[in-house]
Amino acid sequence: MKDKPVILVVDDQPYNIELLEAHLAPQGYEIVKAANGEEALEKLFGNQIDLILLDVMMPGMDGFEVIRRVRQDNTHRLLPIIMVTALQETEDRIKGIEAGCDDFISKPVDKMELSARVRSLLRLKAYNDLMSNYRKELEAAKISAVEAREYAENIINTLREPLIALDQDLRVVTASRSFYDFFKVKPEDTIGQLIYDLGNKQWDIPKLRELLETILPQKTTFDNYEVEHDFATIGRRIMLLNARQVKRPLGKGRVILLAIEDITERKKAETELKVQTQQLEYANKELESFSYSVSHDLRAPLRAIEGYSQMFMKKYRSTLGEDATRMITVIRSNTKMMENLIESLLSLSKVQKTSMSISEINMDELAKEVWNEIWAANKERELELMTTEILPGYGDQTLIRQVLSNLISNAVKFTNNQKPGIIEMSSHSESDKIIYCLKDNGAGFDMAYYYKLFGVFQRLHSNEEFEGTGIGLATVRRIINRHGGRVWAESKVNEGATFCFSLPSTRMQDESAS
């Protein structure tokens with residue numbers, strides 16, 4: 001027997017697998033990892049898997065096809081599958097349900113929601129496994145009714161969540177140990193009692209009556225029936241009820257199995273998440289308003305300062321002293337710096353809002369175009385670009401152009417003290433990604449401050465050494481993250497720096513649809 005439940009996590013992004021493992025492993029789950037659909041099927045048939053957490057958009061075999069293949073095998077027909085996805089469209093979710101998905105979790109994953117949904121489906125699997133084994137052993141051994149009862153009670157008592165069995169008259173036949181513990185009642189006050197009379201009629205709940213007397217007789221099974229009630233012993237609770245009618249051996253009527261899951265904390269977390277989402281939406285609207293203000297309200301006075309400073313210099317240059325001329329020059333220089341900062345902030349803001357159009361990019365051609373533009377603006381410099389043939393990748397060409405422009409501009413800037421300033425660009429394939437690297441022979445940086453490198457307004461050199469806004473690399477990281485890649489760097493002081501980023505080697509779905 002396994003010591004702990006085994007969860008198969010399938011995702012082509014190692015970071016996503018690591019994140020799910022970090023959430024689940026401390027809770028006592030064993031994690032089996034797969035980077036694609038084919039590997040997932042191999043791992044499934046080579047391990048005793050209890051639940052699958054499955055990404056949708058993967059190269060080769062996508063999540064929907066993985067589910068269909070799993071369901072074709074009768075052994076895994078009831079294996080719980082949760083799709084972990086950023087897909088929000090109804091038709092996508094319907095497609096997942098039709099393929100055989102049991103539940104969905106939206107990206108980015110909420111830790112409490114993940115834990116609750118995994119626990120819920122593992123409980124259902126445990127119940128199905130136990131009942132399946134119970135039926136098989138009944139058929140094989142033809143055990144007596146007394147033995148069957150004892151066996152069933154042992155099964156029930158292994159369940160962590162409360163479970164109660166009722167006869168046709170809705171009187172308690174047996175209850176799990178967890179039922180007594182959770183609701184703080186005793187067996188002698190429970191067995192044989194009408195369920196509505198339990199605990200001084202605490203269980204006389206209108207919605208429970210509706211389930212047992214109206215819905216269940218018509219459907220024989222019912223899942224996830226939500227009931228909220230104030231219990232005298234444990235306070236107000238929100239519960240999910242799952243009910244099954246099971247025929248007794250030897251034709252002695254039927255038994256109603258009623259499983260009870262306390263979802264009070266999960267509902268609380270969902271409410272908090274909804275509030276946080278609303279707050280985030282409000283913050284995004286405020287950010288849009290701020291961007292508009294930056295774009296229009298702040299630029300106008302800057303243009304006025306620049307314009308009047310220029311007019312002042314033209315009109316009074318001959319009468320101005322050296323100090324006054326220098327001060328006007330400083331004003332104009334700082335005005336230009338502020339204008340650049342505003343442009344960078346707007347660019348960073350637009351990166352997250354711009355819809356992406358994914359296509360194959362000729363990275364070799366694009367890199368040379370960007371280089372020619374930057375070289376034309378720095379003709380007085382002795383600069384050299386060295387490249388081998390750069391592999392193509394997939395992404396939004398406009399955004400990837402911005403990535404190359406920012407990285408090459410940085411390399412040109414930080415090689416200012418080198419003659420010649422040499423920039424090398426290379427690429428290589430790695431699994432389903434293409435890695436692109438730009439190496440320079442410039443000033444470099446201290447890796448002890450690497451954690452600051454891709455942050456907004458974080459700079460590792462002073463403005464006197466190298467001008468900048470501290471936003472360019474933050475923009476690069478946001479763009480690459482949107483493409484499902486990553487960006488990193490290596491450097492030594494005065495020995496140059498190497499910046500690398502990854503892009504998909506096969507077509508990814510447009511973000512607007514995912």
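Derivation of every value follows stated rules applied to the coordinates shown; laboratory data play no part. Note that the coordinates shown come from a computational prediction; the quantities given were computed from them, not determined experimentally. Methodologically, a virtual Cβ is constructed for each residue, glycine included, from the backbone with ideal geometry; neighbour enumeration extends over all protein chains shown.
Things worth noting here:
- Beta bridges per DSSP with both ends in region 384-455, % antiparallel, nearest 5: 65 percent
- Kirkwood hydrodynamic radius over Cα pairs of region 1-116, then Stokes diffusion coefficient at 10 °C and 1.306 mPa s, in µm²/s: 112 µm²/s
- Counting every alpha-carbon pair across region 66-144, the share separated by more than 18 Å comes to 54%.
- Volume per residue for region 99-139 equals 54 cubic angstrom (convex hull of Cα atoms).
- Here the ratio of the Cα radius of gyration of region 355-514 to 2.2 N^0.38 Å is 1.01.
- Relative to the Cα centre, the charge distribution of region 200-273, modelled as +1 at Lys and Arg Cβ and -1 at Asp and Glu Cβ, gives a dipole magnitude of about 560 debye.
- Sorting Ser359, Ser409, Ser502 by the number of Cβ atoms found within 10 Å of their own Cβ, with the fewest placed first, yields Ser359, Ser409, Ser502.
- Normalised by 2.2 N^0.38 Å, where N counts its residues, the alpha-carbon radius of gyration of region 346-447 equals 1.14.
- Relative contact order of region 1-116, pairs being alpha-carbon contacts under 8 Å that are 6 or more residues apart, as %: 23 percent
- Neighbour counts of other Cβ atoms within 10 Å put Thr319, Thr475, Thr271 in the fewest-to-most order Thr319, Thr271, Thr475.
- Peptides 393-403, 88-98 ranked from most to least packed by the mean count of surrounding Cβ atoms within 10 Å: 393-403, 88-98.
- Inter-part distance, region 111-129 to region 302-340, computed on C-alpha centroids, equals 68 Å.
- Each of Phe45, Phe445 has some number of other Cβ atoms within 10 Å of its Cβ, and from fewest to most they run Phe45, Phe445.
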